[in-house]
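Report on the structure given below.
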Amino acid sequence: MESKKIINALKDNHLDFVSLVKKVQEPSDEVEKKLHELENQGVVLFNGKEYALLKDYDLFLGTIVLRKKNFAFVRIPHLEKDYRLSGTYLKGLIGGDRIYVNLGKDNETCYFGGFYSRKSKIVGTLVKKPRKGFYLSSPDIDEAGVRVKFSNDPLDFDAEDGDMVCASIDDYNESEIFCTVLKLLVKKTEVGSDISRIILTEEAPLAFEEDVIDEANKIPQSLSEIDYQGREDFRNHLIVTIDGQDALDFDDAVEIKRVLNGYEIGVHIADVSNYVKPGSPIDLSAYERGTSIYVADRVVPMLPTQLSNGICSLNPDVDRLVMSVIMNVDKYGNVFKTRFSKGVIRSKARLTYNQVNDLFSGKDVDLPQDVKDMLFVMKEATSFIRKKRERNGALELDSTEIKFTLDENNNPINIEKREQKEGEKLIEDLMIIANVAVATRFTDLGLSTLYRIHEDPPSMKLENLKAFLVRAKLIDNFPRTITPYALSSWLKSIEDLRMRAIVSGQLLRSLAKARYSEENVGHFGLSEEDYLHFTSPIRRYPDLIVHRLLKEYVIDGKAMPKDIDEYLSIAGDHLSATERRAQKIERTVDDLLSCKYMSKHIGQQYKGVITSLTKYGMYLELENGIDVLIPYANIDEDIYDYRDDIFQAKGLKNKKTFNIGDEMDVVIYQINYERLEITCCTPYFYENREALERAIKDRFFEKAFDFSKEKRFGTHSDKDRDNRTSKRSFDKDKKNYGRKSFDKNSFKGKKGHSHKGSGKPVKKYGKKERRR
């Protein structure tokens, strides 16, 4: 049954279940199933009696992604933005709760409209209190002031104080959650438990379920005769893989040869879709994970290692199944002919970026001569491809990536900046043209697929960028019409390389976030009209979706199902969210390791460049790539005033100024593991820290005394008091913030609720009850 039928039936209508079934003239069980899906997608709501479209009430279904004591942030799919929520109805809500909200006029805040659902499981750290037993702790729960209690004993799972466990949520109210411990996840004493804690706190799975492992163990690790049928044989071609030194999964292999009018390039990608069937345990697990997660001490793979490092990985000297893109490229970097094929290859060599970079820099590298010759042809061809992309206006924005070396106890002992050299650029160029070629074919055929889109920069972010450029005296040449080519040309015109890097970072923050969508709006950053992800199906589920669509509907020519766009829309939102989750985990782990590394260098002096200023201090990037904070109080005796209109901090007495892009010497001063923040100070402050710290305390108590007098003697004017009391406050009688009046308990979020009055349980906020 198509969703459109229900949506059309509910346009300007509120219908009960029986009336809706009559109107759409479909079997009741199919209508019920589709209604569940539409409710979960935030398209339809059930108000206790009738169904209606969510947009009729100006409501959105969002998820709480950050919970603090007095506020939370709610993320709404499609809008790609987090909205601040505060007020009385925040009580009892925890991270992961799905709620209905109205959006504020400022496009920054939202107001509670109703409760939809709570996750069925919760992950946290066991805390043991004397005489009170265990309770569960996690940031989202602790900030909410909600207590988690267990119906069973965690000791039955060999769990102790400080260990992480997974528990099922059995019941809850505004102040308590009642759980049953399901399994022990991480022991506090394990090496790497701090990184495991970060991964699990973001609700990313560490291990595979038993049914996934069982299925993976049954997959053969070599090809059978039937696997070769219907496949183009590339096994006698000179094909190689080029990856990082520590890579274990190889999902792309490349080849090239000179032909008339240019080059013939082959990009061969592991045919994961041959082994991962839709709806199988491995497939469902991969979809939920969305992507592999790469942190310093491990890879959390999307697929079991039997696939990712085994039969799917394009290891050298073994036959492997692939999806191939064969492209003819001229000497201007244009792809003028493309074909797609289901193939089989045998990689001739596993190369590393270091080997390729050493070869291109003139060093003696132990490789066969035919491989060396092919690599130089590849370098030549990709230089034309890159120049063509630059002519189109693709943005090249600098961002610092760091790599840690860990000892046997997971402590960082070395840090280095990642540098993209010729070998890395070569592979990137080939992967991009392959992705473009596949996307273009879908567009040309008018077939649906999952695109990788990057929308135009948001106007508000552009205004912030322009304000910064005014202060940096770079606004004069800033393009009036914003296009990738105009921005790229303008960025290259900045001669000061240090300032160009700073501006590049500011520009990067001003762009929209790339995401997955069934709607093709192009890719702004790459300056491409058609783009998707095809080249990494071992580590990205969107690529696996594209492989299936390419194989079924482009190569085999089957007819696409009518509801494919609906599936792609849902998948695009989910996979964009899992990508953001992985990025957050990777950043948090880098922050943790940065704190650990710099804790051994307290008191040492470094050079840094100011990358941003705030009202409380300045952020700098040190020469080793680590970001640090220097509060204004850690500079000297003066008080510094930050003006956000000119992006400058200035001393009130000494008139000393600090601007983005300024270099300064700093000393590592303190490490805050709770905030994962490295605080530094000036060398002057460090030398005189005892006296200056006393001065800061004196200044604090002086301010506190002044504030106390103000409260006691009422220094505020009557006008100020009137202004404060006239601000919009919560109406306790109406119990809502939005334009429509909804009771907090009026939304039934339990996914299995009955539309027919069968007596199935209905989850209301704070208690369980049965429909009468």
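The values are calculated or read from the model by the stated rules, or taken from the named source; none is laboratory data. Treat the numbers as computed from the prediction; the structure is a model and nothing was measured. Because the Cβ atoms are built from the backbone with ideal geometry, glycine has one as well, and the counts that use them run over all protein chains shown. Just so you know, the surface numbers come from the protein's heavy atoms only, side chains and all, with ligands and any DNA or RNA stripped out. Shrake-Rupley method; radii C 1.70, N 1.55, O 1.52, S 1.80 Å.
Summary table below
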{"quantity": "Filter result for residue 48 (in contact with a Lys or Arg (Cβ under 8 Å, 6 or more places away or on another chain), at pLDDT 90 or above and either of a type in the set (A, V, I, L, M, F, W, C) or outside the structural domain of residue 163 (by the TED database) (or both))", "calculated": "no"}
{"quantity": "Candidates 584, 562 - the one that is in the same structural domain as residue 302 (by the TED database), on the phi < 0 side of the Ramachandran plot and not in a helix (DSSP H, G or I)", "calculated": "562"}
{"quantity": "Tabulated pairs, segment 366-386, first modelled with pLDDT of 95 or more, second among the aromatic types (Phe, Trp, Tyr), C-beta under 6 angstrom, 6+ apart or interchain", "calculated": "381/263"}
{"quantity": "The one condition in (1) in contact with a Gly (Cβ under 9 Å, 6 or more places away or on another chain); (2) aromatic (Phe, Trp, Tyr); (3) surrounded by 18 or more Cβ atoms within 10 Å (Cβ to Cβ); (4) not in a loop (DSSP other than H, G, I, E, B) that residue 485 fails to fulfil", "calculated": "(3)"}
{"quantity": "So residue 395, is it touching a Leu at 6+ places or on another chain (Cβ under 8 Å), at pLDDT below 95 and assigned by the TED database to the domain that holds residue 240", "calculated": "yes"}
{"quantity": "Filtered residue count, segment 601-656, keeping only those that are outside any strand (DSSP E or B), under 20 Å from residue 687 (Cα atoms) and either touching a strand residue (DSSP E or B) at 6+ places or on another chain (Cβ under 9 Å) or among the aliphatic types (A, V, I, L, M) (or both)", "calculated": "12"}
{"quantity": "In segment 203-219, residue nearest to the chain's Cα centre (by Cα) [restricted to those that are open to solvent by 80 Å² or more (accessible area, probe 1.4 Å) and within 24 Å of residue 294 (Cβ to Cβ)]", "calculated": "203"}
{"quantity": "Residue 127 being outside any loop (DSSP other than H, G, I, E, B), farther than 25 Å from residue 588 by Cα and touching an Asp or Glu at 6+ places or on another chain (Cβ under 8 Å)", "calculated": "no"}
{"quantity": "Lone unmet requirement of (1) open to solvent by 60 Å² or more (accessible area, probe 1.4 Å); (2) at pLDDT below 90 for residue 60", "calculated": "(2)"}
{"quantity": "Qualifying residue in segment 23-39 (condition: closer than 25 Å to residue 457 by Cα and part of a loop (DSSP other than H, G, I, E, B))", "calculated": "no"}
{"quantity": "Of residues in segment 357-377 being within 14 Å of residue 421 (Cβ to Cβ) and assigned to a helix (DSSP H, G or I), the one most open to solvent (accessible area, probe 1.4 Å)", "calculated": "358"}
{"quantity": "Residue under evaluation residue 341, criteria (1) surrounded by fewer than 20 Cβ atoms within 10 Å (Cβ to Cβ); (2) outside any strand (DSSP E or B), criterion not met", "calculated": "(2)"}
{"quantity": "Subset of segment 213-237 [in contact with a strand residue (DSSP E or B) (Cβ under 6 Å, 6 or more places away or on another chain) and part of a loop (DSSP other than H, G, I, E, B)]", "calculated": "223, 231, 234, 235, 237"}
{"quantity": "Options 475, 453: the member that is in a strand (DSSP E or B) and open to solvent by less than 70 Å² (accessible area, probe 1.4 Å)", "calculated": "453"}
{"quantity": "Every residue from segment 474-500 that is of a type in the set (D, E, K, R) and closer than 30 Å to residue 664 by Cβ", "calculated": "476, 492, 495, 496, 498, 500"}
{"quantity": "Any hit, segment 190-202, residues being loosely packed, with under 12 Cβ neighbours inside 10 Å and modelled with pLDDT under 95", "calculated": "no"}
{"quantity": "Segment 151-178, subset among the charged types (D, E, K, R) and assigned to a loop (DSSP other than H, G, I, E, B), residue nearest to the chain's Cα centre (by Cα)", "calculated": "163"}
{"quantity": "Unique residue being surrounded by 16 or more Cβ atoms within 10 Å (Cβ to Cβ), not assigned by the TED database to the domain that holds residue 335 and not aromatic (Phe, Trp, Tyr) when the list is 436, 503", "calculated": "503"}
{"quantity": "Subset of segment 558-614 that is over 25 Å from the mean Cα position of the chain (by Cα) and of a type in the set (Lys, Arg) - its residue that is farthest from residue 197 (Cα to Cα)", "calculated": "558"}
{"quantity": "Residues located in segment 113-141, provided they are under 24 Å from the mean Cα position of the chain (by Cα) and of a type in the set (A, V, I, L, M, F, W, C)", "calculated": "122, 123, 141"}
{"quantity": "Residues located in segment 439-450, provided they are part of a helix (DSSP H, G or I) and open to solvent by less than 20 Å² (accessible area, probe 1.4 Å)", "calculated": "439, 442"}
{"quantity": "Of all residues making up segment 399-434, the number that are without any contact (Cβ under 8 Å) to a residue 60 or more places away in the chain and part of a loop (DSSP other than H, G, I, E, B)", "calculated": "4"}
{"quantity": "Members of segment 256-284 that are within 20 Å of residue 533 (Cα to Cα) and not in a loop (DSSP other than H, G, I, E, B)", "calculated": "265, 266, 267, 268, 269, 270, 272, 273, 274, 283, 284"}
{"quantity": "Close pairs (6 angstrom Cβ cut-off, 6 or more residues apart or separate chains): over 13 Å from residue 449 (Cα atoms) and open to solvent by less than 40 Å² (accessible area, probe 1.4 Å) in segment 550-579, assigned to a loop (DSSP other than H, G, I, E, B) and at pLDDT 95 or above anywhere", "calculated": "575/290; 578/290"}
{"quantity": "Test: residue 222 is assigned by the TED database to the domain that holds residue 411 and either open to solvent by 70 Å² or more (accessible area, probe 1.4 Å) or over 15 Å from residue 137 (Cα atoms) (or both)", "calculated": "yes"}
{"quantity": "So residue 384, is it open to solvent by 20 Å² or more (accessible area, probe 1.4 Å), in contact with a helix residue (DSSP H, G or I) (Cβ under 8 Å, 6 or more places away or on another chain) and hydrophobic (A, V, I, L, M, F, W, C)", "calculated": "no"}
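Residue-wise test of (1) of a type in the set (Asp, Glu); (2) surrounded by fewer than 15 Cβ atoms within 10 Å (Cβ to Cβ); (3) without any contact (Cβ under 8 Å) to a residue 60 or more places away in the chain; (4) farther than 30 Å from residue 55 by Cβ.
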| site | (1), (2), (3), (4) |
| --- | --- |
| 104 | no, no, yes, no |
| 122 | no, no, yes, yes |
| 134 | no, no, yes, yes |
| 161 | yes, yes, yes, yes |
| 179 | no, no, yes, yes |
| 185 | no, no, no, yes |
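Rundown of residues vs (1) without any contact (Cβ under 8 Å) to a residue 12 or more places away in the chain; (2) over 31 Å from the mean Cα position of the chain (by Cα); (3) buried (at least 21 other Cβ atoms within 10 Å of the Cβ), yes/no style:
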| position | (1), (2), (3) |
| --- | --- |
| 15 | no, yes, no |
| 28 | no, yes, no |
| 36 | no, no, no |
| 51 | no, yes, yes |
| 70 | no, no, no |
| 73 | no, no, no |
